[in-house]
Amino acid sequence: GLLRAFASVDRPLPTLSPTIGSLLRPEACEVEGEAGGVGRAMERHRVEGGMLNEVGLLFGGCQALLHERAAGLAADCAVGHGGLVLGAMSVTYLAAAKRGQSVEARATARAAWGGESTSGLVATSCLMAGSGKADKVVSEARMRFHHVAAAGARGSMR
């Protein structure tokens, strides 16, 4: 069956080392907030071995993590505190990034229903890659964050 087919594929299994935390140490990070519940963030990373898929390109899951990190920072800044959880995410993959390239996740978060007391935020993120040439868009993402409910209301969202 299906398991037998996968067992016969002649390629090495991906390694789980280094850890995600050690891979995602940014070279640069900038965060700023604006009046009216808007936050912006940028994180820059160098594409390294553990971030690559088997054909030598930046792994799509790693791209999604970079979007989530930058958008999470922007969302926290938009509300002036943490306590947000990612509710939904959509990533569109447009181009490739290779080993040695610098990639920047640039995110903006806005209150979805106005002001700091909002029950949700919408964030967009754009992952750019450059290597001395003109930057190109590698992927784009849209996310929705929700506030975690007040203490004592475990597992629910406002």
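The values are calculated or read from the model by the stated rules, or taken from the named source; none is laboratory data. Predicted model, so just to flag it, every value in this text is computed and none were measured. Cβ sites come from the backbone with ideal geometry, for glycine too, and all protein chains shown count toward neighbours. The area values use the complete protein model at the heavy-atom level, side chains included, leaving out ligands, DNA and RNA. Shrake-Rupley method; radii C 1.70, N 1.55, O 1.52, S 1.80 Å.
Put simply, when 81-93, 97-109 are sorted by average Cβ atoms within 10 angstrom per residue, most first, you get 97-109, 81-93. Placing a label point 7 Å from the Cα of residue 55 along the Cα-to-Cβ direction, the residues of the stretch 83-113 whose backbone N falls under 11 Å from that point are 96.
Rolling a 1.4 Å probe over the protein heavy atoms leaves residue 77 with an accessible area of roughly 40 Å².
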